[in-house]
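The values are calculated or read from the model by the stated rules, or taken from the named source; none is laboratory data. All of these numbers come straight from a predicted model, not from anything done at the bench. Note that we place each Cβ from the backbone using ideal geometry, even for glycine, and neighbour counts take in every protein chain shown. Note: areas computed on protein heavy atoms with side chains; ligands, DNA, RNA excluded. Shrake-Rupley method; radii C 1.70, N 1.55, O 1.52, S 1.80 Å.
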There are 4 protein chains.
Amino acid sequence: MIIILKKGCSEADAAPILESIKEKGLEPLYMPGEEKIVLGAIGDERVLASLQLEAVDTVERIVPILKPHKLSNREFQNESSEIEVAGVVFGGKQVPVIAGPCSVESEEQIVTTARAVKKAGAVMLRGGAYKPRTSPYAFQGLEKEGLALLDLARKETGLPIVTEIISEHDIDHVGAVTDMFQIGARNMQNFRLLKAVGNTKIPVMLKRGPAASMAELLLAAEYILSKGNSKVVLCERGIKSFFGDTRNTFDLSIIPLLKKETHLPVIADPSHATGVRDLIMPMSRAAIAAGADGLVIEVHPEPSKALSDGFQQLTPDQFEDLMSAVDRVAHAVDREISAPQIAKK
Amino acid sequence: MIIILKKGCSEADAAPILESIKEKGLEPLYMPGEEKIVLGAIGDERVLASLQLEAVDTVERIVPILKPHKLSNREFQNESSEIEVAGVVFGGKQVPVIAGPCSVESEEQIVTTARAVKKAGAVMLRGGAYKPRTSPYAFQGLEKEGLALLDLARKETGLPIVTEIISEHDIDHVGAVTDMFQIGARNMQNFRLLKAVGNTKIPVMLKRGPAASMAELLLAAEYILSKGNSKVVLCERGIKSFFGDTRNTFDLSIIPLLKKETHLPVIADPSHATGVRDLIMPMSRAAIAAGADGLVIEVHPEPSKALSDGFQQLTPDQFEDLMSAVDRVAHAVDREISAPQIAKK
Amino acid sequence: MIIILKKGCSEADAAPILESIKEKGLEPLYMPGEEKIVLGAIGDERVLASLQLEAVDTVERIVPILKPHKLSNREFQNESSEIEVAGVVFGGKQVPVIAGPCSVESEEQIVTTARAVKKAGAVMLRGGAYKPRTSPYAFQGLEKEGLALLDLARKETGLPIVTEIISEHDIDHVGAVTDMFQIGARNMQNFRLLKAVGNTKIPVMLKRGPAASMAELLLAAEYILSKGNSKVVLCERGIKSFFGDTRNTFDLSIIPLLKKETHLPVIADPSHATGVRDLIMPMSRAAIAAGADGLVIEVHPEPSKALSDGFQQLTPDQFEDLMSAVDRVAHAVDREISAPQIAKK
Amino acid sequence: MIIILKKGCSEADAAPILESIKEKGLEPLYMPGEEKIVLGAIGDERVLASLQLEAVDTVERIVPILKPHKLSNREFQNESSEIEVAGVVFGGKQVPVIAGPCSVESEEQIVTTARAVKKAGAVMLRGGAYKPRTSPYAFQGLEKEGLALLDLARKETGLPIVTEIISEHDIDHVGAVTDMFQIGARNMQNFRLLKAVGNTKIPVMLKRGPAASMAELLLAAEYILSKGNSKVVLCERGIKSFFGDTRNTFDLSIIPLLKKETHLPVIADPSHATGVRDLIMPMSRAAIAAGADGLVIEVHPEPSKALSDGFQQLTPDQFEDLMSAVDRVAHAVDREISAPQIAKK
């Protein structure tokens, strides 16, 4: 940690800070510059953080040397993690595609969709039973009935499922059904929920919040990892920017950036990131080309009759086209789209 | 609702849409333009929303005419709401100032602070017992012990308290102590939590999320109001923008904008919005001048020893200066800072 | 154009607006709704814009039906434009790659780089002679000497050149040398400069400003097109967002969005968009996969000795790797990287 | 300057960097930490910047200690600058209000407005003759005729004038008329224009760009100052953020932040920052309360007939109300609105 003192500070101002660094058992450094004094502290920065030096009047700025995330850091584990979810592997050479409707709406809708996406090559089924909706007047999901329908669709197709959990209250009954928890973007910093899924053994897809920095995302993952659940898959789904012609701004650059920083797999959700049906195919290709370890795609048998987000859901036919398109790009970057049989080994 | 069809669409494309509008019991309008066909639908837009016309292939764009929030809307209740919390009134001519530390840390710390802020004119005490922290390795709050200490500080000073609730799980024991719930920025769209506080009679301070639009904030309030709890106070605490020299971007313009749109009181939190101690005084003045119905200010007896956010907490002396400064500005806009005796009637 | 009146407005409030629409020679529509009155105007919206209806007290909101850009619109010209620059074609099946240093620094540097990038497959050379730099104390470019060195490098290699123009003052002498003008992101709304290049016959690469919406970018292009120069190539180079771990936020989704909206070619600049050397290869692949009609890549023989932006320039070896990587992705989306011989037909 | 090396770097990796620091005549520091090596360099950071250490492979991060702006820095001149424009002083206890229409449209319009705003207490007249407009099809200003009309309005009222300059080409004829140049937000980084006004003795109002950081704004000012023109007044006019309910996001916090960092005066433009007529009064009050050294307010005799930005221009009556409102706030922060007679001493 580097501590820059305000202009005009003297050695006397530095003394108590150096003292407090020493008290924490770390090695202090004194570096008087021409205009400003700079101090250093060598050792565990997580210990130093407790000193709250930002609040000291003579301190202009603090520069941490180490990153605050630990368990998700490549400096902690250099080798990429492969996270397995009921036979589907995220983080290896193969790239799984998850597909399904925004919301589970009826038996017919979810089973039809499950069969169609399986046929097109998806290896996992998505579908919301508990829906976090901006308005209390919008459809809130079928809840427990939705979970039962997902279970049924899995039995019919063999596809493992991922579904959103919106409260630690639901851990037991959602956990009893799902193969993978989804933590949605709005709950990325619902720390109680993160701790709750961290206390299970069920894999977690953690979606990036619309205003989350890389550090915030990695520290949210850290809440899960530090409770003992190491099966975390990160998901980029778009951020808020001034740009309003797409639903969100798809921040694809964070994919290779995250891959440098963490050993966890990183997947992408072009449906929410763009919110424009015509963009989903080109941006799915782009996500794979950028290095994504998987895709989540919204598919609905009749998007114009969907109870939520109809405008961004693909028809089964469009999804089939997408699958063959992304497979070609995957090969061009020495990967391949996960084959269905892989999912059922 | 206005529906703009894609270029090249014909009357035949419009027909099924007009039909579905009629089926919902609303009046359809057909407006053929020179280049594009425009349709209209007259009636309750919340009914129309269920049509999901955005997902129809021939539709280019949907323009809602009515706002999606209802109970918080000035069109629903024109008169400004005055929300009373244990004798303190938000939304009237008087402007309450809430003050206290970021976190409750010890009996001495919270009681000392409560006395100091009361002496300086604060009419309500803030302090976090449950702390949502970005990192799992940071101090997470004293939890139940913190609640007991807040209770003690209230007994010592008579100041009502506001403290954050981070899970619907804690409703009973936090609700048993606090005079007002705080929903923090990260939980603004934790809809389960919103519904849970909506089911109580305890007033709620709802902080705007760092990426929340005005509609998203008002719809979050709507979750609480629609459950029957009408005591909601909105709080602007800064948004995320590209600008990194302050902790957040203090979006003061939303205060007069919200005051036009909703009858709910709107207060401001300059401590989190700026995150820079020297800016808190000028930006508190600015918030009052912009029409804020209250302020929340972080005060700590020794900021450099605080367990969280020390850099943005004021000393009791600095807070005293702030109080006399904002009182002058309040008078200049025909308001006045709430006097302590008001709080204890 | 749709005009929504404020709640409580009557037919009498609508009358003068309908009258003024009629006076402009357009057809007015009156649509009284349950809660608000909506008006319509059919005809050329660019005429209507001159009415300034936003400023009328009874008007709540204006909804344009047509897009303000005209000559760049696919509704004006549906077929994609192919823009030719000294034998290099942008907008067709082939994808040209432009490469070169941030700044022209010396004869040896620019000639060495030109030879290296040509060898690796670039079909055009970039290099700044006039450098717009954030600080007046930073290297400002070799100016006229830089132009002469670019000319020399072209003679040595046959590669056409693109270089930035920062003032309409320089049109003649920059235009005398360059094959293509670059309008930099900071000058995207320097309208005098846009008009000046619009008055030439020289192709223009127009970079998107860091806070430009799609409409602002297309209207900037419209300044050039409306002066008679139709050879405009748009370039996405990253926008400003809250995200600070990359230099800019690479908004790749705007590429397929622009391709829907305009017939002009759209290329991408991963060097400026990411500002992180390790991200340039994956994000170049992603740009091609998203549908980019070309790439601009910064290459320097010795990045650590560059006079500007060394941290984001590739070495010639890294560039060679990039070229073979993007070529594979191009084939996976039914395109191909432009071959050098194409450039010299 | 602090240089943090990548993990795994050794003393041998540090050696060439330490050497190059020494070669520049600065003092190098070697600080081996537990996990990473940190280097320091003491001396003029503007010299160090030329080393381009960001581009060195072994370097993880560079932390500058000094700010890149020099002449505008309070460390260079601690005392606040008072900038005088034809008798009007910016930066002292008195707060000048500049008012006038967005565009000069006719003799009657500008003279009527000038008289009205003078009567209400404005001490300076604004009005655009050269208008930078997003669309080439929008009104572009009366240009030279507009300048002549401004001159006339000044003669009629005695009010000094400020008008925008959009190209270095116009320096002579705009400079011959105006008392103060305005550099608009879109031209904040038109460095040629900055240099050109820097070469005059005419005061400059420099508006912050919609995506400009504090450093970028101060370095833009530095372009002017370093050419010898010290009469620069900064102006906050709103930034781009995800928030779309106001035209821009009024970043008032930058006012007290700038006042800490620079000795230059800082004024505010609530008309462009909000773009909503009803917000201009409360946000003008807020700007003064935040410490603004002046205001720019758009006033038009008949906003609904304005040729540009009608929706955000006040009527003369509304402006009169605003003037008495802001005067009260100014007194509450120990300032006062500049009186007309001051302007004519």
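General observations
- Which listed residue, of A:GLU79, A:GLU54, A:GLU84, is facing chain B (nearest Cβ under 10 Å), open to solvent by 70 Å² or more (accessible area, probe 1.4 Å) and closer than 29 Å to A:LYS260 by Cβ: A:GLU54
- Scanning the range B:236-246 for residues that are within 12 Å of the chain's Cα centre (by Cα) and open to solvent by 10 Å² or more (accessible area, probe 1.4 Å) yields a total of 1.
Let's see how each residue does on (1) under 20 Å from C:ILE267 (Cα atoms); (2) away from chain D (no Cβ under 14 Å); (3) open to solvent by 30 Å² or more (accessible area, probe 1.4 Å):
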| position | (1), (2), (3) |
| --- | --- |
| C:MET180 | yes, yes, no |
| C:ILE183 | yes, no, no |
| C:LEU193 | no, no, no |
| C:ALA215 | yes, no, yes |
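- Subset of the range C:279-314 that is in a helix (DSSP H, G or I) and within 11 Å of chain D (Cβ to nearest Cβ) - its residue that is farthest from A:ALA332 (Cα to Cα): C:LYS305
- Any hit, the range D:56-63, residues being among the basic types (Lys, Arg) and either in contact with a strand residue (DSSP E or B) (Cβ under 9 Å, 6 or more places away or on another chain) or over 30 Å from D:VAL177 (Cβ atoms) (or both): yes
For (1) touching a strand residue (DSSP E or B) at 6+ places or on another chain (Cβ under 9 Å); (2) of a type in the set (Asp, Glu); (3) over 30 Å from D:LYS201 (Cβ atoms), each residue gets a yes or a no:
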{"site": "D:GLY8", "(1), (2), (3)": "no, no, yes"}
{"site": "D:GLU19", "(1), (2), (3)": "yes, yes, yes"}
{"site": "D:PRO28", "(1), (2), (3)": "yes, no, yes"}
{"site": "D:ILE37", "(1), (2), (3)": "yes, no, yes"}
{"site": "D:GLY40", "(1), (2), (3)": "yes, no, yes"}
{"site": "D:PRO68", "(1), (2), (3)": "no, no, no"}
{"site": "D:SER72", "(1), (2), (3)": "yes, no, no"}
{"site": "D:PRO96", "(1), (2), (3)": "yes, no, no"}
{"site": "D:ALA99", "(1), (2), (3)": "yes, no, no"}
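- Single condition C:THR249 does not satisfy, out of (1) open to solvent by less than 10 Å² (accessible area, probe 1.4 Å); (2) touching a residue at least 40 places away in the same chain (Cβ under 8 Å): (2)
- Check on A:ASP317, of a type in the set (D, E, K, R) and either facing another protein chain (nearest Cβ under 7 Å) or touching a residue at least 12 places away in the same chain (Cβ under 8 Å) (or both): no
- Whether a residue is buried (at least 22 other Cβ atoms within 10 Å of the Cβ), within 23 Å of the chain's Cα centre (by Cα) and under 15 Å from C:LYS93 (Cβ atoms) was assessed, and C:VAL299 does not pass this test.
- C:VAL47, sole failed condition from (1) open to solvent by 10 Å² or more (accessible area, probe 1.4 Å); (2) part of a helix (DSSP H, G or I); (3) in contact with a helix residue (DSSP H, G or I) (Cβ under 9 Å, 6 or more places away or on another chain); (4) of a type in the set (Val, Ile, Thr): (3)
- Answer residue from the range D:30-43, given it is crowded, with 20+ Cβ neighbours inside 10 Å and either aliphatic (A, V, I, L, M) or in contact with a Lys or Arg (Cβ under 6 Å, 6 or more places away or on another chain) (or both) and is farthest from A:ASP44 (Cα to Cα) among those: D:ILE42
- Restricting B:ALA339, B:ALA290 to those that are among the small types (Gly, Ala, Ser) and either without any contact (Cβ under 8 Å) to a residue 40 or more places away in the chain or crowded, with 24+ Cβ neighbours inside 10 Å (or both) reduces the list to B:ALA290.
- Among residues that are touching a residue at least 24 places away in the same chain (Cβ under 8 Å) and either in a loop (DSSP other than H, G, I, E, B) or within 9 Å of another protein chain (Cβ to nearest Cβ) (or both), C:LEU322 is not included.
- Residues that are surrounded by 23 or more Cβ atoms within 10 Å (Cβ to Cβ) and over 21 Å from B:GLU164 (Cβ atoms) within the range B:302-329 comprise B:LEU322, B:VAL326, B:VAL329, listed in sequence order.
- Matching residues, the range C:139-183, being small (Gly, Ala, Ser) and over 18 Å from C:VAL97 (Cα atoms): C:GLY141, C:GLY146, C:ALA148, C:SER167, C:GLY175, C:ALA176
- Test: residue in the range B:31-51 that is free of Cβ contacts under 8 Å to residues at least 60 places away in the same chain and either in the same structural domain as B:LEU219 (by TED's automatic domain parsing) or among the aromatic types (Phe, Trp, Tyr) (or both): no
- Scanning the range A:57-76 for residues that are in a loop (DSSP other than H, G, I, E, B) and either facing chain B (nearest Cβ under 9 Å) or farther than 30 Å from A:LYS259 by Cβ (or both) returns A:ASP57, A:THR58, A:PRO68, A:HIS69, A:LYS70.
- Taken together, A:PRO96, A:PRO101, A:PRO132, A:PRO136 contain a single residue that is at pLDDT 95 or above and within 30 Å of B:ALA215 (Cα to Cα), which is A:PRO101.
- Members of the range C:265-281 found to be open to solvent by 20 Å² or more (accessible area, probe 1.4 Å) and within 17 Å of A:ALA292 (Cα to Cα), listed by number: C:ASP278, C:MET281
For every residue, the table says whether it meets (1) part of a helix (DSSP H, G or I); (2) over 24 Å from B:VAL88 (Cβ atoms); (3) open to solvent by 30 Å² or more (accessible area, probe 1.4 Å).
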| position | (1), (2), (3) |
| --- | --- |
| B:ALA122 | no, no, no |
| B:LEU125 | no, no, no |
| B:PHE139 | no, yes, yes |
| B:ASP151 | yes, no, yes |
| B:ILE171 | yes, no, no |
| B:ALA176 | yes, no, yes |
| B:ALA196 | yes, no, no |
| B:ILE202 | no, no, yes |
| B:ILE224 | yes, no, no |
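- Every pair of residues 6+ apart whose Cβ atoms lie under 6 Å, when the first sits in the range B:216-241 and is farther than 12 Å from B:MET205 by Cα and at pLDDT 95 or above while the second is open to solvent by less than 10 Å² (accessible area, probe 1.4 Å) and of a type in the set (Asp, Glu): B:ILE239/B:ASP251
- Scan of the range D:57-74 for residues that are open to solvent by 40 Å² or more (accessible area, probe 1.4 Å) and within 27 Å of D:GLU23 (Cα to Cα), ordered by number: D:ASP57, D:GLU60, D:ARG61, D:PRO64, D:LYS67, D:PRO68, D:LYS70, D:LEU71
- Pick from the range C:24-42, criterion β-branched (Val, Ile, Thr) and in contact with an Asp or Glu (Cβ under 9 Å, 6 or more places away or on another chain), ranking: farthest from the other protein chains (Cβ to nearest Cβ): C:ILE37
- Positions within the range D:158-169 being part of a loop (DSSP other than H, G, I, E, B) and within 9 Å of another protein chain (Cβ to nearest Cβ), in sequence order: D:ILE166, D:SER167
- Residues being part of a helix (DSSP H, G or I) and within 14 Å of chain C (Cβ to nearest Cβ) are entirely absent from the range D:245-267.
- Any hit, the range A:331-343, residues being out of contact with any strand residue (DSSP E or B) (no Cβ under 8 Å at 6 or more places or on another chain) and within 23 Å of A:MET180 (Cβ to Cβ): yes
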